[in-house]
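The values are calculated or read from the model by the stated rules, or taken from the named source; none is laboratory data. What you see is a predicted model, and the numbers here were worked out from it, not measured in a lab. Quick reminder, even Gly has a Cβ in these numbers, built from the backbone with ideal geometry, and neighbours come from all protein chains shown. We work out accessible area using only protein heavy atoms, side chains counted, and drop any ligands, DNA or RNA first. Shrake-Rupley method; radii C 1.70, N 1.55, O 1.52, S 1.80 Å.
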Amino acid sequence: MSQPLPRSPEMMRAADTALLVVDVQERLLAVQPQGARIEWNCRRLLDGAKTLGVKAVITEQYPEKLGPTPKVLLSCTDEPALEKIAFSCGERGEVFAAWLEAGIHRVLLAGIETHVCVQQTALDLLAAGFQVLVAVDAVGSRYKVDHGVALRRMEASGVLLTTTEAALFEWCERAGTPQFKAISALAKQTPPAGSEMV
């Protein structure tokens, strides 16, 4: 049997990556043109993270005004959503300190809005030394221009762009396992009607 190539350090691993779902709250979702697609992909990422042992955190921006996270997302994790007032999740520094202590140096971002809380979080995480990835089909803004420019700015700053399905299979690494069967089932799910896949 031939010797496999070493796994690229550019690829995420379940043990060194965390998932951060940013502010996917009812009132914010209601004004997103692609709200159903964002919620669907965030739920698939959270399900996949749970299956593969990837640490995951959900945040809520000023929930008294913007409402709670949908129950379908909260049910995917055993931890309550973390409240914040600052747009950047960097306000919750205890989360990132714990991740670094656990050997996690990559963060995959999903959530809303791309040009506000997601972008500010991404830039703060880069400054703190994390490798940052964004699942482009699991983020969104009310207006296409804000979404598109934010993705371009983040990528120019060093953020890596990926997709929900690519992330799930990257975490999984190989076929032929019970985890692969669960991830494959997530990949085969039908997107919500009317979803424009980015």
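Only residues that are open to solvent by 20 Å² or more (accessible area, probe 1.4 Å) and farther than 20 Å from Glu10 by Cβ: list them for region 133-158, please.
Arg142, Tyr143, Lys144, Val145, Asp146, His147, Gly148, Val149, Arg152, Arg153
Applying the selection to region 59-79, what residues are in a loop (DSSP other than H, G, I, E, B) and open to solvent by 50 Å² or more (accessible area, probe 1.4 Å)?
Tyr62, Pro68, Ser75, Asp78, Glu79
How many of the residues making up region 149-164 are in a helix (DSSP H, G or I) and without any contact (Cβ under 8 Å) to a residue 40 or more places away in the chain?
9
Hey, could you check region 184-194 for residues that are outside any helix (DSSP H, G or I) and not polar (S, T, N, Q) and say which is most open to solvent (accessible area, probe 1.4 Å)?
Lys188
Which residues, taken from region 59-108, are among the β-branched types (Val, Ile, Thr) and either over 16 Å from the mean Cα position of the chain (by Cα) or more than 14 Å from Ala18 (Cα to Cα) (or both)?
Residues satisfying the conditions are Thr69, Val72, Ile85.
Testing Val72 on (1) touching a helix residue (DSSP H, G or I) at 6+ places or on another chain (Cβ under 9 Å); (2) closer than 26 Å to Glu10 by Cα; (3) not basic (Lys, Arg), one condition comes back false. Which one is that?
(2)
Among residues belonging to region 28-54 that are out of contact with any Gly (no Cβ under 9 Å at 6 or more places or on another chain) and assigned to a loop (DSSP other than H, G, I, E, B), point out the one that is least open to solvent (accessible area, probe 1.4 Å).
If we take residues in region 28-54 being out of contact with any Gly (no Cβ under 9 Å at 6 or more places or on another chain) and assigned to a loop (DSSP other than H, G, I, E, B), then Gly53 is least open to solvent (accessible area, probe 1.4 Å).
Within region 173-183, is there a residue that is in contact with a Ser or Thr (Cβ under 8 Å, 6 or more places away or on another chain), in contact (Cβ under 8 Å) with a residue 12 or more places away in the chain and open to solvent by 60 Å² or more (accessible area, probe 1.4 Å)?
There is at least one residue in region 173-183 that is in contact with a Ser or Thr (Cβ under 8 Å, 6 or more places away or on another chain), in contact (Cβ under 8 Å) with a residue 12 or more places away in the chain and open to solvent by 60 Å² or more (accessible area, probe 1.4 Å).
Scan region 1-27 residue by residue and report those that are within 16 Å of Leu74 (Cα to Cα) and crowded, with 17+ Cβ neighbours inside 10 Å.
Leu19, Leu20, Val21, Val22, Asp23, Val24, Gln25 - these are the residues of region 1-27 that are within 16 Å of Leu74 (Cα to Cα) and crowded, with 17+ Cβ neighbours inside 10 Å.
Hey, any hits in region 121-139 for a residue that's in contact with a Phe, Trp or Tyr (Cβ under 9 Å, 6 or more places away or on another chain) and of a type in the set (S, T, N, Q)?
Yes, there is a match, as at least one residue in region 121-139 is in contact with a Phe, Trp or Tyr (Cβ under 9 Å, 6 or more places away or on another chain) and of a type in the set (S, T, N, Q).
Restricted to region 80-117, and to residues that are among the aliphatic types (A, V, I, L, M), loosely packed, with under 15 Cβ neighbours inside 10 Å and free of Cβ contacts under 8 Å to residues at least 40 places away in the same chain, which residue is farthest from Met12 (Cα to Cα)?
Selected residue: Ile85.
Does any residue of region 124-132 turn out to be open to solvent by less than 10 Å² (accessible area, probe 1.4 Å), among the aliphatic types (A, V, I, L, M), part of a strand (DSSP E or B) and under 21 Å from Asp16 (Cβ atoms)?
So far as region 124-132 goes, yes, one or more of its residues are open to solvent by less than 10 Å² (accessible area, probe 1.4 Å), among the aliphatic types (A, V, I, L, M), part of a strand (DSSP E or B) and under 21 Å from Asp16 (Cβ atoms).
With Ala14, Ala36 as the choices, which residue is touching a residue at least 12 places away in the same chain (Cβ under 8 Å), among the small types (Gly, Ala, Ser) and touching a helix residue (DSSP H, G or I) at 6+ places or on another chain (Cβ under 8 Å)?
Exactly one of Ala14, Ala36 is touching a residue at least 12 places away in the same chain (Cβ under 8 Å), among the small types (Gly, Ala, Ser) and touching a helix residue (DSSP H, G or I) at 6+ places or on another chain (Cβ under 8 Å), namely Ala14.
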